[in-house]
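A short write-up of the structure that comes next.
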Amino acid sequence: MNEWIGKGKEYLAQKDYHKSIDAFSKAIEEGENTPEVHLSRGIAYFMISDYEKAKADFNQAIQLNPDYSRAYYSRGLIFYSLKEYWKAVSDFDKAVKLNPKYGAAYLAKAKVYMALGKEEKVDENLKMVIRLGEARFQSSCNVYDSRTIEEKVQELKQSLKKD
């Protein structure tokens, strides 16, 4: 792995986004033109609200790997932030089509549908988040939550409204 990629990841983890961007840019200049590097630099740009540069990096990641679900999810977050809700839904849909167990993408779709006032779609996506989380949790702990999915959906909706 290129030393700049390691530094970029380290800076990203430390929330030093400008240094992260610089490191990932140097990695790209040295030939590390990979979807992962573009995604990582795009995330750093996103975190400093430079949405156009973030979107350009996510687009490049998708161009390099059209099956990269994280890049579609990340670009969807940009569209959500810009209130381009239907573009966000499209990207989140693509992310879950590529990775049906992508709980964060279902949660993001629920947030978009909440912003659009599409209550049925909010519930549908939150149910997927719950099912995916339960499957993971139950398989690792074999513990069951006695609340119904509808009760969990209502609880999740309340937490989303606070965001």
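The values are calculated or read from the model by the stated rules, or taken from the named source; none is laboratory data. All values derive from a computational prediction rather than experimental measurement. For neighbour counting, all protein chains shown are included, and Cβ atoms are generated from backbone atoms with ideal geometry for every residue, glycine included.
Points worth noting:
- Among the residues of segment 78-104, those that are under 23 Å from ASN33 (Cβ atoms) and not acidic (Asp, Glu) comprise ILE78, LYS94, ALA95, LEU98.
- Per-region count, segment 115-155, residues of a type in the set (A, V, I, L, M, F, W, C) and modelled with pLDDT under 70: 6
- Scan of segment 32-63 for residues that are hydroxyl-bearing (Ser, Thr, Tyr) and surrounded by 20 or more Cβ atoms within 10 Å (Cβ to Cβ), ordered by number: SER40, TYR45
- When the residues of segment 7-31 are filtered to those that are closer than 17 Å to ARG70 by Cβ and not small (Gly, Ala, Ser), the one that is surrounded by the most Cβ atoms within 10 Å (Cβ to Cβ) is PHE24.
- Test: ASN65 is among the polar types (S, T, N, Q) and within 15 Å of the chain's Cα centre (by Cα): no
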